[in-house]
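Below you'll find the structure I mean.
Taken together, the values in this text are just the output of simple stated rules run on the coordinates, not laboratory data. Note that the structure is predicted; figures quoted are calculated from it, not measured. Quick reminder, even Gly has a Cβ in these numbers, built from the backbone with ideal geometry, and neighbours come from all protein chains shown.
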Amino acid sequence: MKTIIEPFRIKSVEYVKTTTEEERIQILKNAYYNTFRIPAEDVLIDLLTDSGTSAMSAKQWAAMMDGDESYAGARSYYKFVNAINKIFGFKHIIPVHQGRAAERIFFTNVLSVIDKDGRYRPASGKYIPSNNHFDTTRANIEFNGGSAEDLVIEEGKHPSIIHPFKGNMDTDKLKNFIEEKGTENIPVVMITVTNNTGGGQPVSMENIREVSEICKKYKLPFFIDACRFAENAYFIKTREKGYENKTILEIANEMFSYADGCTMSAKKDAFANIGGFLAMNDDKLYEECKNLLIITEGFETYGGLAGRDMDAIAQGLEEVTDESYLHYRISVMRYIGDRLLANDVPIIQPVGGHAIYIDAKEFLPDIPQEQYPAHSLVIEMYKKGGIRAVEIGSVMFGKYDEKGKLIPADMELVRLAIPRRVYTQSHMDFVIEVLQNISKNKKNICGMKIVEEPKFLRHFTAKFEPVK
Ligand SMILES: *Cc1c(COP(=O)(O)O)cnc(C)c1O
């Protein structure tokens with residue numbers, strides 16, 4: 001059969017509200033042309049993020065009802081640990097409320113220096129290499145005094161170059177980097193699967209193995225940022241020689257067998273609305289991490305989660321290694337990507353695992369970067385279709401020089417993140433049609449200017465106006 005169908009049927013529905021273009025023009029004005037300020041109720045199709053937005057299965061909801069809310073040693077904790085062990089196989093597991101909590105605990109321990117009074121002090125002169133660090137990972141490294149280094153392969157930096165594993169780390173660069181900085185200044189080497197910041201691009205098994213061998217040679221610990229491990233495993237199965245006949249679980253087992261631990265946000269590939277964990281083999285590191293966990297997250301058998309959350313995650317991890325689900329998931333990305341390309345909407349190629357990235361600089365060449373082409377397209381998508389996407393360009397990453405002139409970002413991207421199991425094919429057809437119409441009338445799109453902005457993370461709260 002050529003037609004790929006959703007491998008589930010719908011048991012519970014959530015209505016979405018349709019608005020008119022006139023209403024949306026007013027909503028945009030009220031939100032100062034910042035889609036983060038729009039109430040979610042007024043969004044028809046919300047592609048802001050795939051994080052925590054998954055539809056849970058009937059089995060996950062049933063598991064939640066069975067959650068054990070005992071403070072210590074809850075049944076839910078053991079289910080959670082067993083489900084993680086089956087896939088990841090690390091000796092110690094620490095539950096946390098979401099991915100960045102795992103990062104904070106981990107980096108505080110591997111980076112900070114404990115002074116004679118037992119206080120944690122930020123490190124200096126320490127480096128943590130990765131393919132690309134995700135923004136919360138980078139922030140937690142920098143907050144603890146370290147430098148986050150991105151060593152993705154050259155192909156990973158160019159939107160239109162086709163490569164099966166654009167998330168790979170450049171292993172020559174890694175070796176040189178270790179030689180240059182010295183092993184004593186590199187507490188851990190990381191790799192993100194799939195590479196979120198680089199467009200959700202996968203990392204090959206060969207690359208994971210090579211990075212692991214380099215780490216062994218230099219006696220450095222190797223950790224994986226595992227948020228989208230199952231999507232990555234599916235890409236390995238379908239693109240890497242020797243893995244075609246392996247199951248997703250076997251591939252995931254092999255991926256993590258090369259590492260000493262991982263961080264994971266369960267809001268991604270575990271289909272949970274909240275949660276995460278930190279896992280590792282090292283006994284001493286585990287004891288140290290547990291101390292911080294108890295101070296800021298909770299006791300070691302719940303770490304800031306309700307028992308029922310751990311049940312939902314355990315069941316979600318069981319479901320995500322199902323190949324028919326992953327086949328459907330990645331096919332959805334390809335379906336949208338192919339149709340956008342056919343309608344002259346330029347995107348990062350090949351499409352990654354969880355989102356489509358439109359290259360707005362190429363799509364709207366008449367709007368200069370000072371007028372934020374990607375943000376302009378985000379606003380147009382909401383105005384024309386009630387679709388909420390997110391700008392990843394000069395609004396998010398732009399800086400100013402001393403004269404107050406914008407130093408634009410390298411790329412002006414609009415990300416359409418697809419929540420897991422939430423939208424049907426006709427929802428996606430609608431998104432494609434809206435973009436098709438925008439593409440035909442793109443001469444009418446006007447640029448945007450910032451009229452008010454905070455000092456940090458301005459994309460969340462800045463106020464804009466159309467440039468007349
Ligand atoms: C989402 C994400 C994180 C952080 O997880 P949160 O649950 O949002 O705190 C870390 N790394 C990657 C690759 C992510 O996508």
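Run down the lysines and flag those whose C-alpha is under 22 Å from the C-alpha of residue 442, throwing out any fewer than 8 positions away in its chain.
Straight-line reach from residue 442, under 22 Å: 29, 361, 383, 384, 468.
Here's another thing I want to ask about it. Could you check the simple spin-label distance between residue 287 and residue 86, using points 7 Å along Cα→Cβ, in nm with one decimal?
3.3 nm
From the Cα gyration tensor of region 1-152, with a ≥ b ≥ c the square roots of its eigenvalues, which class applies: rounded if a/c is under 1.5, or else prolate if a/b is larger than b/c, or else oblate? Each step should come with its number before you reach the end.
Values: a/c = 2.13, a/b = 1.33, b/c = 1.60.
Oblate, because a/c is 1.5 or more while a/b does not exceed b/c.
What full-extension length gain, to one decimal in nm, is calculated for residue 176 and residue 463 as 0.36 nm per residue of separation minus the Cα-Cα distance?
98.9 nm
Tell me, what is the FRET efficiency for residue 142 and residue 452 to the nearest 0.05, using R0 = 22 angstrom and their Cβ-Cβ distance as r?
0.25
Oh, and also: Relative to the first principal axis of the alpha-carbon coordinates of the chain, what is the inclination of helix 99-111, with its axis defined by its Cα atoms, in degrees from 0 to 90 and to the nearest 10?
In the chain, helix 99-111 runs at an angle near 50 degrees to the longest axis.
Kindly give the semi-axes, whole Å and largest first, of the ellipsoid equivalent to region 243-345, taking each as the square root of 5 times a Cα gyration tensor eigenvalue.
Taking √(5λ) for each eigenvalue gives 33, 18, 14 Å, largest first.
I've got another one for you. With a 10 Å Cβ neighbour count serving as the proxy for reagent exposure, in which order, fewest first, do 250, 402, 154 appear?
Fewest-to-most ranking of 250, 402, 154: 402, 154, 250.
If a/c stays under 1.5 just call it rounded; otherwise compare a/b with b/c (prolate if a/b is bigger, oblate if not). Do that for region 395-468, with a ≥ b ≥ c from the square roots of the Cα gyration tensor eigenvalues.
It is prolate, given that a/c is not under 1.5 and a/b is the larger ratio.
Turning to a different aspect of this structure: To the nearest 20 Debye, how big is the dipole of region 58-320 about its Cα centre, given +1 on the beta carbon of each Lys and Arg and -1 on that of each Asp and Glu?
Numbers: 31 positive and 38 negative charges, 4 e Å.
The dipole of region 58-320 has a size of about 20 debye.
If each residue's Cβ is checked for other Cβ atoms within 10 Å, how do 422, 96, 395 rank with the fewest at the top?
On the way: 422 15, 96 29, 395 22.
Going from least to most buried by this count: 422, 395, 96.
On to the next question. Per 0.36 nm of contour for each residue apart, how much would the distance between residue 161 and residue 250 grow if the chain were fully extended, relative to their Cα-Cα spacing?
Numbers: separation 89, 0.36 × 89 = 32.04 nm, distance 3.00 nm.
Using 0.36 nm per residue and subtracting the Cα-Cα distance, I get 29.0 nm.
From Cα pairs below 8 angstrom and at least 6 apart in sequence, can you work out the relative contact order of the chain, rounded to a whole percent?
Working: 943 pairs, mean separation 104.3, N = 468.
22 percent.
Please list 3J(HN,Hα) in residue order for region 311-326, calculated via the Karplus relation 6.51 cos²θ - 1.76 cosθ + 1.60 where θ = phi - 60°; whole Hz, with x for glycine and proline.
5, 4, 5, 4, 5, x, 5, 4, 6, 6, 7, 6, 5, 5, 5, 5
A follow-up question, please. Please report, in whole Å³, the volume per residue of the convex hull around the C-alpha atoms of region 126-165.
Convex hull of Cα atoms, per residue: 63 Å³.
Express the relative contact order of region 107-176 as a whole percentage, based on alpha carbon pairs under 8 Å and six or more residues apart in sequence.
Values: 103 pairs, mean separation 19.1, N = 70.
The normalised contact order for region 107-176 reaches 27 percent.
Of 215, 227, how do they rank once you tally other Cβ atoms within 10 Å and put the fewest first?
Least crowded to most crowded, the residues run 215, 227.
Also, quick follow-up: With everything on Cα atoms, drop me the angle between helix 373-385 and the longest principal axis of the chain, reported from 0 to 90° to the nearest 10.
Around 70 degrees separate the two axes.
Further, regarding this structure: Express in nm, to one decimal, how much length is gained between residue 13 and residue 238 on full extension, taking 0.36 nm for each residue of separation and deducting their alpha carbon distance. Don't jump to the answer; show the numbers that get you there.
Details: separation 225, 0.36 × 225 = 81.00 nm, distance 3.28 nm.
Length gained between residue 13 and residue 238: 77.7 nm.
Could you calculate, for the chain, the ratio of the Cα radius of gyration to the Kirkwood radius, expressed as Rg to Rh?
0.96
For residue 278, list long-range residues whose amide hydrogen, built 1.01 Å from N in the peptide plane, is under 5 Å from its own amide hydrogen.
Amide H neighbours of residue 278, under 5 Å, 5+ apart: 94, 96.
While we're on this one: Per residue of region 267-281, in order, report the coupling 6.51 cos²θ - 1.76 cosθ + 1.60 (Karplus, θ = phi - 60°) as ³J(HN,Hα) in whole Hz, putting x for Gly and Pro.
6, 9, 6, 9, 6, 9, 8, 7, x, x, 7, 10, 10, 6, 9
Whole percent per 10 Å bin, from 0 to the bin with the longest distance: what is P(r) over all C-alpha pairs of region 327-380?
Percent of pairs per bin, in order: 25, 46, 25, 4, 0.
If you project the alpha carbons of region 58-320 onto their three principal axes, what span does each projection cover, largest first, in Å?
54, 50, 29
Where does the chain land at 222 nm, in deg cm²/dmol rounded to the nearest 500, when only DSSP H runs of n ≥ 4 count, each adding -39500 (n - 2.57), divided by all residues?
About -12000 deg cm²/dmol.
Could you give each residue of region 189-199 its phi-based ³J(HN,Hα) in whole Hz, using Karplus coefficients 6.51, -1.76, 1.60 with θ = phi - 60°, and x for Gly or Pro?
With the stated coefficients, region 189-199 comes to 10, 10, 8, 9, 10, 5, 7, 4, 4, x, x Hz.
How high is the relative contact order of region 58-320, in percent, counting Cα pairs under 8 Å that sit 6 or more residues apart?
With pairs under 8 Å counted, the relative contact order is 31 percent.
Under the rule of at least 5 residues apart or a separate chain, name every residue whose amide H is placed under 5 Å from the amide H of residue 392.
HN-HN under 5 Å from residue 392: 413, 414, 415.
Further question on the same structure: How far is helix 283-296 tilted, in degrees, relative to the longest principal axis of the Cα atoms in the chain, given as a value from 0 to 90 rounded to the nearest 10?
The angle comes out at about 50 degrees.
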